[in-house]
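Here's the structure, in structure tokens; my notes come after.
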Amino acid sequence: MNYINKYWATFGGIFATGILITAFSFDKEIQHIETLIWFHLAILLLHQFEEYSFPGKFKEFYNANIFNKNPITKFPLNDRGVLIVNIVLAWTMYIVASIVGTKMIYLTFGLIGITILNGIMHTVMFVKLKKYNPGLITGAFAFIPFGFYLFKRLEAYVTINNILSGLLVFVVGTILIPTSIYLTSKKHTRHEL
């Protein structure tokens with residue numbers, strides 16, 4: 001388990017590089033919607049690389065600066081919470097969205113909302129705390145602009161069903177993040193902080 005905890009984000013960064021190289025090889029102008037959805041996954045993986053690999057230390061940042069500051073963050077982040085939020089939830093949903101592409105575009109709509117919200121949260125933390133937080137660079141300069149760009153490119157897929165289903169994905173995904181931290185912190189807090 002220590003190996004996974006230590007290297008999962010590095011593996012994700014390598015996977016992101018592979019996605020980007022493959023995408024540029026097959027779609028040099030990056031015009032196809034499916035390619036952009038795969039880019040969305042690559043940006044997530046690069047964001048996680050920044051948070052947990054280089055420079056890393058988001059868990060430590062969270063526990064020192066965010067933990068217990070409001071009712072939503074009243075539980076510390078531990079290795080199990082990191083893995084559940086980032087691999088079980090995020091990787092699963094972003095990979096599924098990339099594979100199914102436009103067939104289940106509402107997944108991408110919901111994930112775009114989570115992506116933009118994540119970027120905004122990293123930016124607000126920077127402004128409020130007046131210091132760098134792991135994930136800030138990719139959050140502010142990749143998640144936010146790319147999220148809005150991808151949403152704009154998906155205009156042809158905007159239907160009431162896709163928007164409502166995407167909103168459901170966004171709300172459930174947003175709720176699952178602090179819920180996962182809560183559920184994992186109850187059993188394993190003491191020995192992992």
Which one is farthest from I37 (Cα to Cα), of the residues in the range 164-177 that are surrounded by 16 or more Cβ atoms within 10 Å (Cβ to Cβ) and more than 14 Å from the chain's Cα centre (by Cα)?
S165
Kindly establish whether L77 is among the aliphatic types (A, V, I, L, M), in contact (Cβ under 8 Å) with a residue 12 or more places away in the chain, crowded, with 21+ Cβ neighbours inside 10 Å and not in a helix (DSSP H, G or I).
yes
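Quick grid of which residues meet (1) of a type outside the set (A, V, I, L, M); (2) under 15 Å from I177 (Cβ atoms):
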| site | (1), (2) |
| --- | --- |
| E51 | yes, yes |
| Y62 | yes, yes |
| N70 | yes, yes |
| P76 | yes, yes |
| I99 | no, no |
| P145 | yes, no |
Within the range 6-63, the residues that are within 17 Å of the chain's Cα centre (by Cα) and among the β-branched types (V, I, T) are T10, I14, T17, I19, I37, I43
Which condition from (1) in a helix (DSSP H, G or I); (2) aromatic (F, W, Y); (3) more than 16 Å from the chain's Cα centre (by Cα) is the one that F109 breaks?
(3)
Can you name the residue in the range 89-107 that is under 20 Å from M121 (Cβ atoms) and touching a residue at least 60 places away in the same chain (Cβ under 8 Å) and, of all such residues, is surrounded by the most Cβ atoms within 10 Å (Cβ to Cβ)?
M93
Filter result for I181 (within 21 Å of T102 (Cα to Cα) and either touching a helix residue (DSSP H, G or I) at 6+ places or on another chain (Cβ under 7 Å) or modelled with pLDDT of 95 or more (or both))
no
Sort out which residues of the range 24-43 are of a type in the set (A, V, I, L, M), farther than 14 Å from I105 by Cβ and modelled with pLDDT of 95 or more, and write them in order of number.
L41, A42, I43
Which of the residues belonging to the range 1-60 are closer than 16 Å to P134 by Cβ, aliphatic (A, V, I, L, M) and either touching an Asp or Glu at 6+ places or on another chain (Cβ under 9 Å) or not in a helix (DSSP H, G or I) (or both)?
A9
Do the conditions hold for A64, that is, is it crowded, with 22+ Cβ neighbours inside 10 Å and either aliphatic (A, V, I, L, M) or out of contact with any helix residue (DSSP H, G or I) (no Cβ under 6 Å at 6 or more places or on another chain) (or both)?
no
Name the single residue that is surrounded by the fewest Cβ atoms within 10 Å (Cβ to Cβ) among those in the range 153-163 being touching a residue at least 40 places away in the same chain (Cβ under 8 Å) and part of a helix (DSSP H, G or I).
N161
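The values are calculated or read from the model by the stated rules, or taken from the named source; none is laboratory data. Just so we're clear, the structure is a prediction, and the values are computed from it rather than from any experiment. A quick note on method: Cβ atoms are made from the backbone with ideal geometry, for glycine too, and the neighbour counts reach across all protein chains shown.
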